[in-house]
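Report on the structure given below.
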Protein chains: 4
Amino acid sequence: MQALVLEPDLKLNMREIDPGERLGPRDVRIAIHTVGICGSDVHYYTHGRIGPFVVREPMILGHEAAGTVIEVGDGVTHLERGDRVCMEPGIPDPSSQAARRGMYHLDPSVRFWATPPVHGVLRPEVIHPADYTFKLPDNVSFAEGAMVEPLAVGMHAAAKAQITPGDLAVVLGAGPIGMVTALAALAGGCSRAFITDVQQPKLDLAASLGPITPVNVAGQSLRQAVMDTTDGWGADVIFECSGSIHVANDLIEPLRPGGRIVYVGMPVEPVQLDIVAFQAKEARIETAFRYAHVFDRALALMSSGAIDVKPLITTTFPFEQSPAAFAHTVQPPADTVKVQIEVGASVA
Amino acid sequence: MQALVLEPDLKLNMREIDPGERLGPRDVRIAIHTVGICGSDVHYYTHGRIGPFVVREPMILGHEAAGTVIEVGDGVTHLERGDRVCMEPGIPDPSSQAARRGMYHLDPSVRFWATPPVHGVLRPEVIHPADYTFKLPDNVSFAEGAMVEPLAVGMHAAAKAQITPGDLAVVLGAGPIGMVTALAALAGGCSRAFITDVQQPKLDLAASLGPITPVNVAGQSLRQAVMDTTDGWGADVIFECSGSIHVANDLIEPLRPGGRIVYVGMPVEPVQLDIVAFQAKEARIETAFRYAHVFDRALALMSSGAIDVKPLITTTFPFEQSPAAFAHTVQPPADTVKVQIEVGASVA
Amino acid sequence: MQALVLEPDLKLNMREIDPGERLGPRDVRIAIHTVGICGSDVHYYTHGRIGPFVVREPMILGHEAAGTVIEVGDGVTHLERGDRVCMEPGIPDPSSQAARRGMYHLDPSVRFWATPPVHGVLRPEVIHPADYTFKLPDNVSFAEGAMVEPLAVGMHAAAKAQITPGDLAVVLGAGPIGMVTALAALAGGCSRAFITDVQQPKLDLAASLGPITPVNVAGQSLRQAVMDTTDGWGADVIFECSGSIHVANDLIEPLRPGGRIVYVGMPVEPVQLDIVAFQAKEARIETAFRYAHVFDRALALMSSGAIDVKPLITTTFPFEQSPAAFAHTVQPPADTVKVQIEVGASVA
Amino acid sequence: MQALVLEPDLKLNMREIDPGERLGPRDVRIAIHTVGICGSDVHYYTHGRIGPFVVREPMILGHEAAGTVIEVGDGVTHLERGDRVCMEPGIPDPSSQAARRGMYHLDPSVRFWATPPVHGVLRPEVIHPADYTFKLPDNVSFAEGAMVEPLAVGMHAAAKAQITPGDLAVVLGAGPIGMVTALAALAGGCSRAFITDVQQPKLDLAASLGPITPVNVAGQSLRQAVMDTTDGWGADVIFECSGSIHVANDLIEPLRPGGRIVYVGMPVEPVQLDIVAFQAKEARIETAFRYAHVFDRALALMSSGAIDVKPLITTTFPFEQSPAAFAHTVQPPADTVKVQIEVGASVA
């Protein structure tokens, strides 16, 4: 089939490739409709590797996807031909130690789309386990369906935070993950989120999404803003979504005694933490990796109206312009959040 | 001062009474603006007792209140004259075993407004500890401020439920507490709430408040409705708010394996539970009593727009018609939810 | 093979039967050494059914077992021929909704030994999934290994209790499950357990097992005993292990505010609970069903010396006297706790 | 009274001093019997400060204490003259935000013995709030009572770890805090603790205290030792008790997916953490500061026999040799764990 292939020499080609998949009894075949471009897709394109994962063979990119079921395996009961769906891109071994304990995303043997050597889904069709394929509610579009994967990162972070209704949140970083994390935190019970960045257009967009207070840390003190709002008590939970190694003070200074920190951003170098400052507040630091058990929850909150991701989809390209979409995403305009590619039309 | 007094012979009088209060260093004096009528006020009026609490001396009624600070004790730092506030009606001993562990509402020595022999607040003024007095945000009215007390019951129940973002909730009973519990559950992270009752007007009102699905259990099966929506898996959390002793099946049949039940309603007789049915799903039953640490959280969610209690305030009486307000509430029209009394105008 | 077969007419026969098993790639074949007799085995023998599970075909009894691995499937890596092991008797579908969330024991499709129509293990050999087969530490005997299954019930209850180190526990009922629950609670962090019963020999045995205070509720008040010890505060956790429907007061009266109740016993009829009494303390009621993820933990605590189950094994019969062992267990002497059958010698 | 006074010039004097205390209605007067020397006492002696706390006025040292009640305030009900007791050295404001939420130890206004400018208890008598004074069980000696304070640090860490019965623990550092943490972890439900150090005598002592496996990280790999024991899965919880900034790898490499880290040691400089390694396992990092609500729990576990601190008390000095005791503790022999001073005889 025709697909967007990243070659080992890091050229991007729209070309024929055979992903070599076969429909098993618990699988479905899905016609892909929409695929979002993630920072990791771009990073493989520009650098050819992420940590130990190196592009050595031609690999189809893309892992944020929605589409339509066009064939179902014999053992599939909860999906049928014509269902509009989105898909969880990691496939674990259900018998692994981690999966048996409900933490399938921590199974080191997970096969994850567009992570070498596993193909992604910028292509017309894919075969996927029905257990990791989720029906879209009628009022959720394909474009929104393709946003479930990044939103799931925010949802998982919000779940890790063990929010008590009415908590005050801080989100460090107003990139796509910071934004979906703020939305998930609010839908998950927070009454307000402070969000930080140094790019004002991102902060302006964030502030338009709900009870979100932007703090431009180029000139403002986050600690001061939070303490003024809370009579000096502090925020209940802080989500680190910037990936920066320079946020150590913002992780702990605005936090209340007994508060929680959720580490979502993945800094490329070690971070220096003054442990004693965390101990003086008995901060709990949760670290988050992808997500588990949240796709259906993200869809439910989208469908109810509690989360609206549409303002985050800022640009859409047709499938045949996929290389142009990547070129656009490598150096995006300041107001770009999420770029998507429309692979095909709905099939029913 | 002039107050609404319930006499030991269960007559209601607007008359002079001296509550005998003195401003301590950590207290504030509050001019009362709005007071809501609670089921317990009505019950003392109609029955003269609730459990061990018997009306033996004249007692001022009312404990859902908002007003304006008109005097502050020397040791009060976070409030000042003119602040618009609402008040937590229970005053614990901060040195009790329960209070020291953060569960001040479970301290048996709590003094609670309008619970014999403690006076309530249907009167022009009250003196109250500043620690249990909460400033209203600018966009929260006195009428809404007087709703914080009943909302706090729902907020506390939602906190007990340990909601994971996107949970599906069921609320048994669409009375005032069922309604605020549904609102708190949604603001606290649930994606949808099913609510049950046998009075259709209450269900219709509930359905207008958000992603709330009414189930008239006079004719519909709650279990069926939930299982149809969840592919046979069940609801994540069930809030019992009816107080009925006939809801045992509705407590467990719609629940998912590993789900939680929060018991808010207070049935007057023992309830028969088929424990084995609960064990087969390893249901957790949390029991809730009033609230703790939630007034500020309720205000934050009101102020952010996540919770709107205004549709629940269905009737308002002036102070001098307080006896009429009680007469109205004893036999309310079918569409009545909350009746309030305006005691006085704001004082600044 | 020769096995202890319960016939549909409820006769017990030692006779030839073919369980019809085949070694799969992730399975092991185990030579059975020791099997304990459980109350459920006896109940099938005396009544022919438990709830919906009816003995319609000949069924081998027994599910508390230890033995030696004598053959391993191609895909098994953590076990080898000669390993001494014990086995978890329930086999779930790892792809079920419950199993994927780590609650495999709540999967309704679990196949459980000696639960009709699934054969038990009072026979020389069984084939079992390696994932549910656990290696015995060198200092754990086969007899102790066959105690892991009942101990697992207590371990799971202790895990549900979310013990804080130093908690005070109450265990209602000094039968085998009450005893293992007390041992698990103490090994799991409790400083002391009160245990109740009306049979003094059981209480005497329990008191010899560790810091366990017996309370003969035929003449003593449990509430009084606990309140005297705790300055009127109450116990942190109460384990119901009697299965009686007459323990409602003992469930709540000795409990501290904010305490937890774990329901392990399975009463045959509904239990009447005064919900308001539970609410006044905000008691949490956890219900427990079998166990999950605890066999290795039980073995670790046995091996470290923290739990010693040997005093609970009061009688042992040879395999050929299995019918006599059941006759003995139906009407046991007052000091009987656990009866075991030695099926075979170790094979290496 | 005669006391051990640290002068602003860091001289230690046994001399007369008036601590200027007055018995309040909820206080008790205690004749001090035994006081342990803590690392912080030594640090004030050798450096004159810890962080922002500077010795500017003469200060009595010592905060690990046990003694006998010799006078009680009018409002004290649970203690009486002659009671043998130990004392929690930090006195919070019960009305602070933190204390009202049950976290009184995180109240910044806590007054803590032997932390400038608050006097410690190396003196014949002290007046203390009865709420923070705990009766010793009959089988707990004064020497053991004076060990409750350091043990409480380990108990609090064990509570933070949310141990599931049978967990495998790792303790980094075999100093006094590492040892009490290992004891608390085992009493709190762990089946085994690995403990690390580079001083073999400390490891040998630790190994004699229970199911504790010593790992001399001068020559052995902790990761290897843990992975060999757990089939490559890892430890459930890791307690950092060394205070070293060079343990980053030992914090995460031996941990299982979904495991917990409790940070007890207080490193004097920032620690470099490779966040991504923690995320790949979704490690939770809890930070611990002193303790709250654990003195009675520590005593209960001592009294039951679950924790024996006597082997940790390696040297005892008489009161008049207090300066010599400090000299000994500044440069202790390799097998020294805890040095205590006997201030006085029991008074009844």
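The values are calculated or read from the model by the stated rules, or taken from the named source; none is laboratory data. Fair warning: this is a prediction, and the values are worked out from it, not measured in the lab. In this analysis, Cβ positions are derived from the backbone assuming ideal geometry, glycine residues included, and neighbour counts consider all displayed protein chains. What goes into the accessible areas is simple: the full protein's heavy atoms, side chains included, and nothing from ligands, DNA or RNA. Shrake-Rupley method; radii C 1.70, N 1.55, O 1.52, S 1.80 Å.
If each label sits 7 angstrom from Cα along the C-beta direction, how far apart, in nm, is B:Pro270 from its counterparts in the other copies?
Those label-point separations list as 1.2, 6.3, 6.3 nm.
According to a simple spin-label model (label point 7 Å from Cα along Cα-to-Cβ), what is the distance in nm between D:Arg22 and C:Arg81?
In this crude label model, C:Arg81 to D:Arg22 measures out at 8.6 nm.
How far, in whole Å, is the nearest Cβ of chain D from the axis relating it by rotation to chain A, and which residue carries it?
Axis relating chain D to chain A; nearest Cβ residue and distance: D:Ile285, 2.
Give the shape of chain C as rounded, prolate or oblate, defined through the alpha-carbon gyration tensor: a ≥ b ≥ c are the square roots of its eigenvalues, a/c under 1.5 means rounded, and otherwise the shape is prolate if a/b is larger than b/c and oblate if not.
Taking the square roots of the gyration eigenvalues as a ≥ b ≥ c, chain C is prolate.
By how many nm would the segment from D:Gln2 to D:His246 grow when fully extended, if each residue of separation counts as 0.36 nm and the alpha-carbon distance is taken off?
83.6 nm
Suppose R0 equals 41 Å; then what is the FRET efficiency for D:Lys11 and B:Glu71 from their Cβ-Cβ distance, rounded to the nearest 0.05?
0.20
How big is the D-C contact in terms of buried accessible area, both chains counted, 1.4 Å probe, rounded to the nearest 100 Å²?
Protein heavy atoms only, the D-C interface buries about 1500 Å².
Add +1 for every Lys or Arg and -1 for every Asp or Glu among the other residues with Cβ under 14 Å from the Cβ of D:Gln340, and state the total.
Around D:Gln340, the surrounding residues sum to -3.
Mind checking which lysines have their Cα closer than 25 Å to the Cα of D:Lys11? Skip sequence neighbours fewer than 8 apart in that chain.
Cα-Cα hits under 25 Å: D:Lys338.
Segment D:35-111: which GluC sites (Glu not before Pro) are DSSP loop and have at most 13 other beta-carbon atoms within 10 angstrom?
Answer by residue number: D:Glu80.
Efficiency by 1/(1 + (r/R0)^6): what FRET value for D:Thr314 and D:Val268, r their Cβ-Cβ distance, R0 = 22 Å, to the nearest 0.05?
The pair D:Thr314/D:Val268 has a calculated efficiency of 0.30.
A drop of at least 50 square angstrom in accessible area, chain alone versus all protein chains together, probe 1.4 Å. Which residues of segment C:82-103 meet that?
The answer is C:Ser95, C:Arg100, C:Arg101.
Modelling each spin label as a point 7 Å along the Cα-to-Cβ direction, I'd like the C:Gln331/B:Thr336 distance in nm, to one decimal.
According to this spin-label approximation, the distance is 6.7 nm.
Counting only DSSP beta bridges with both residues in the protein assembly as shown, tell me the antiparallel percent, nearest 5.
Roughly 55 percent of the DSSP beta bridges within the protein assembly as shown come out antiparallel.
Taking a ≥ b ≥ c as the square roots of the Cα gyration tensor eigenvalues, with a/c under 1.5 meaning rounded and otherwise prolate when a/b beats b/c, else oblate, which class fits segment C:34-101?
Judged from the Cα gyration tensor, segment C:34-101 comes out oblate (a/c at least 1.5, b/c at or above a/b).
Can you compute log10 of I(q)/I(0) for the protein assembly as shown with the Debye formula, treating each Cα as one identical point scatterer, at q = 0.04, 0.06, 0.08 Å⁻¹?
-0.25, -0.59, -1.09
I'd like the carbon and sulfur percentage of the solvent accessible area for the protein assembly as shown, probe radius 1.4 Å, heavy atoms only, ligands and nucleic acids excluded.
For the protein assembly as shown, the apolar C and S fraction of the accessible surface comes to 51 percent.
Compute the accessible area per residue over chain B, keeping the other protein chains in place, probe 1.4 Å, unit Å².
36 Å²
Classify segment B:154-287 as rounded, prolate or oblate, taking a ≥ b ≥ c as the square roots of the eigenvalues of its Cα gyration tensor: rounded when a/c is under 1.5, otherwise prolate if a/b is larger than b/c and oblate if not.
rounded
Tally Lys and Arg at +1 and Asp and Glu at -1 over the other residues with C-beta under 14 Å from the C-beta of B:Ser221: what net charge comes out?
So the surrounding residues net to -2.
Output wanted: per-residue J couplings in Hz (rounded whole) for segment D:282-289, from phi through Karplus 6.51 cos²θ - 1.76 cosθ + 1.60, θ = phi - 60°, x for Gly and Pro.
After applying 6.51 cos²θ - 1.76 cosθ + 1.60, I find 6, 5, 9, 10, 9, 10, 10, 9 Hz.
Which of D:Gln321, D:Pro165, D:Pro214 sits farthest toward the positive end of the charge dipole of chain D, with +1 on the Cβ of Lys and Arg and -1 on the Cβ of Asp and Glu?
Of D:Gln321, D:Pro165, D:Pro214, it is D:Pro165.
Only bridges whose two residues both fall in chain A count here: according to DSSP, what percent of them are antiparallel, nearest 5?
The antiparallel fraction comes to roughly 55 percent.
Would you kindly work out, in nm and rounded to one decimal, the distances from the label point of C:Pro201 to those of the same position in each other copy, ordered shortest first, with label points 7 Å along Cα-to-Cβ?
Its label point is 5.5, 6.8, 8.5 nm from the equivalent points in the other copies.
How far apart are the B:Pro332 label points across copies, placing each 7 Å from Cα toward Cβ, in nm, shortest first?
So the distances to the same position in the other copies read 4.9, 5.6, 6.6 nm.
Under 21 Å between alpha carbons, and skipping anything fewer than 8 positions from D:Lys281 in its own chain: which lysines qualify?
Cross-link targets: A:Lys160, D:Lys160.
Using θ = phi - 60° and the Karplus form 6.51 cos²θ - 1.76 cosθ + 1.60, what ³J(HN,Hα) does each residue of segment B:49-63 get, whole Hz, x for Gly and Pro?
Each residue of segment B:49-63 in turn: 6, 9, x, x, 8, 10, 7, 9, 10, x, 9, 6, 8, x, 9 Hz.
Provide the FRET efficiency to the nearest 0.05 for the B:Ser208-C:Ala324 pair, computing r from the beta carbons and using R0 = 56 Å.
0.20
Give me the distance in nm between label points sitting 7 Å out from Cα along the Cα-to-Cβ direction at B:Asn216 and A:Asp231, one decimal.
Placing both labels 7 Å beyond Cα along the Cβ direction yields 4.6 nm.
Note down the net charge around C:Ala146, summing +1 for each Lys or Arg and -1 for each Asp or Glu among other residues with Cβ under 10 Å from its Cβ.
-3
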